[in-house]
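Presented below is the structure to which this report refers.
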């Protein structure tokens, strides 16, 4: 008997849902007045009984919300850069354990565990696993999906493109979700300072929100001439990290010359112009961060359109980015396939 009591205690202590159910049962008992003798013994008459009933109802309501207030599907993705640089998924698993309680369904994907070793496209494998798991979900019950990412910038960009622009097209289960949240989980042990990006899901693919919000005055957007001439290839440089000034200069040098010690560029990546978006300390502002994504896409599309008109050919794009992985993922999901923009890895 003592062992059974200890096991029951451990279960209640480990599973908050069980504790919430017990509290809800107590609240139900009070609201239903199943303890009339107890209520009669309390002085104060009718007012006291009404007060206790209200308290019981509030306990029941809070417990019910705790049990059933979850929404959507959560997906934790660990995709370390290549070559491996000592990354660990420990922080992501810790964060995922906390996020599980916010979602109806939650799962974790690590392509290296599914297929260790070389010879496999890990981004494509991750997309296939996510899509297979999502097919188990009922879209009528889950209209929201949240991605929790521990990935390198290059992997995040390609993963966003794979998940939302796969060859499966309209049959993609991920396109059934109406709300998409993209979170970054830092590999270093701290969650990124910027809030999640919010995308709107449609049957044709995700898009940004329609609301307009002023960008911080510290955000600079400018077009820079690198190699004026016939090359219809252009760089999108997005740097919103603390070292954004130096990274933006490095990116311009790499796009101009086609060689760099850290950016993996070749002669096929030499660009004639660059759209540079720079902010050294972007504020922890949800609306501003989402506005940055929308403004980046709009300005970049306008720049490529003008280059298309002046050059008379389809332009190419190269993305140089120093920002949270959530922004790289969202750009991969939202940038069109034509004209195509390729990301340049930084090692």
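The values are calculated or read from the model by the stated rules, or taken from the named source; none is laboratory data. Everything quoted here is computed from the prediction, not taken from an experiment. A quick note on method: Cβ atoms are made from the backbone with ideal geometry, for glycine too, and the neighbour counts reach across all protein chains shown.
List of remarks:
- From the list 56, 74, the lone residue that is crowded, with 18+ Cβ neighbours inside 10 Å, at pLDDT 85 or above and touching a helix residue (DSSP H, G or I) at 6+ places or on another chain (Cβ under 6 Å) is 74.
- Looking across segment 232-271, the residues that are assigned to a helix (DSSP H, G or I) and surrounded by fewer than 19 Cβ atoms within 10 Å (Cβ to Cβ) come down to 245, 246, 249, 252, 253, 257, 267, 268.
- Scanning segment 71-89 for residues that are part of a loop (DSSP other than H, G, I, E, B) and under 19 Å from residue 174 (Cα atoms) gives 71, 72.
- Residues of segment 301-326 that are under 22 Å from residue 224 (Cα atoms), crowded, with 20+ Cβ neighbours inside 10 Å and touching a helix residue (DSSP H, G or I) at 6+ places or on another chain (Cβ under 9 Å): 315, 317, 318, 319, 320, 321, 322, 323.
- Some residue of segment 90-100 being modelled with pLDDT of 80 or more and part of a loop (DSSP other than H, G, I, E, B): no
- Of the candidates 182, 174, the single residue that is within 21 Å of residue 70 (Cα to Cα) and modelled with pLDDT of 95 or more is 182.
- You will find that of 280, 195, 228, the residue that is outside the structural domain of residue 330 (by TED's automatic domain parsing), on the phi < 0 side of the Ramachandran plot and either touching a residue at least 60 places away in the same chain (Cβ under 8 Å) or part of a loop (DSSP other than H, G, I, E, B) (or both) is 195 and no other.
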